[in-house]
Amino acid sequence: MQLVLQAPAKVNLYLRILGKRADGYHQLETLLQTVELADQLVLTRRPAGISLQCDDPRLGTGADNLAYRAAALLARQLPGAVGVHIQLKKRVPWQAGLGGGSSDAGAVLLGLNRLWQLHWPLERLAQLAAQLGSDVPFFLWGGLALATGRGEVVRPLPVRLSGSVFLVIPPFGLSTPAVYQALAPSTSAGTGLPSSLDSRVAALSDGTSNLAALLQNDLEPAAFALRPELQQLKHSLLAHGYPALLSGSGSCLFALPATRPTPPLTDLLPAGYRLIVTRFSPGSGGPRQERPGCATN
Ligand code: C5P
């Protein structure tokens, strides 16, 4: 038996640091949204053992790959022998803040739940997903969601965003731990208080018209300190009418369609930068209801 799965990329429309935790992670409040750009995975059932093949030779195919780790972690929870061969076609740039590796891991958990006929509820899969990475639980739902804790407490939102998103991919990546380490102590400390995000998210219920006003990312100053050229590019995009923001810890900047007649975005990109035009995508189950079972706040 074989399953073909899409593992979509995400952007963070909003990311606020609320403080640093005793375990070294940062307490977050973030709004994530999947896009149509996706890796593709083919899962083939085997009697026993886990193997991974990837079309990008720069990526590892063992325990250093989150897709492999997801399968191994799930297999360890099961009493009998299970096996899978995973073929991974990478389309999502990595070290870009687009969640590619996390999405692959989420897709593997969802796929193996079917392939191995486990019938686990998403909330149970989410507990494993959180062990793999802070962003992994979000990808079990996709669409638009509010994430808190270190990012692993996910509340899917019943709002369907539509429209184009421009992903600006620099010729370099950024390491997530390095960006968090570069946070100024004042940002890292945060205010400890949740924001008025709920009311601002409610204003999104009419689609994308209020989206540009929501864009904020507290990781930008740290990423821009490591790569000042990203700040210059963001300023240039804004100056030409494109609402723009760093996605997650970068290095990708994403932009929304320009608010006024302006040069095409490709004209604004320095040499070596790539543009990927994509669209917001709904979660895997289409427009969804809020799932109180997976949120703890
Ligand atoms: O959870 P994940 O493995 O994706 O996190 C990668 C790194 O990003 C962590 O080791 C930590 O340095 C940083 N991080 C953080 N606070 C978060 C999420 C990630 O400090 N909420």
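The values are calculated or read from the model by the stated rules, or taken from the named source; none is laboratory data. The structure presented is a predicted model; accordingly, all values stated were derived computationally and were not measured. When we count neighbours, we look across all protein chains shown, and the Cβ atoms used for this are built from the backbone with ideal geometry, even at glycine.
The single residue among Leu31, Leu43 that is within 25 Å of Pro156 (Cβ to Cβ), more than 16 Å from the ligand (Cβ to nearest atom), part of a strand (DSSP E or B) and at pLDDT 95 or above turns out to be Leu43. If you check Leu43, Leu73, Leu118 for being in contact with a Leu (Cβ under 6 Å, 6 or more places away or on another chain), surrounded by fewer than 23 Cβ atoms within 10 Å (Cβ to Cβ) and among the hydrophobic types (A, V, I, L, M, F, W, C), only one passes: Leu73.
For region 57-77, the criterion of being at positive phi and modelled with pLDDT of 95 or more is satisfied by no residue at all. Taking the criterion of being of a type outside the set (Val, Ile, Thr) and near the ligand (Cβ under 10 Å from one of its atoms), the residues of region 135-163 that qualify are Asp135, Ala147, Gly149, Arg150, Gly151, Glu152.
Restricted to region 107-181, the set of helices (runs of 4 or more DSSP H) holding at least 1 residues that are in contact with a Cys (Cβ under 8 Å, 6 or more places away or on another chain) and either of a type outside the set (Gly, Ala, Ser) or over 30 Å from Ala81 (Cβ atoms) (or both) comprises 122-132, 138-141. The requirement of being in contact with a strand residue (DSSP E or B) (Cβ under 6 Å, 6 or more places away or on another chain), β-branched (Val, Ile, Thr) and within 16 Å of the ligand (Cβ to nearest atom) is fulfilled nowhere in region 56-68; no residue meets it. Taking region 207-284 and the strands (runs of 3 or more DSSP E) fully enclosed by it, the elements with 1 or more residues that are among the hydroxyl-bearing types (Ser, Thr, Tyr) are at 274-279.
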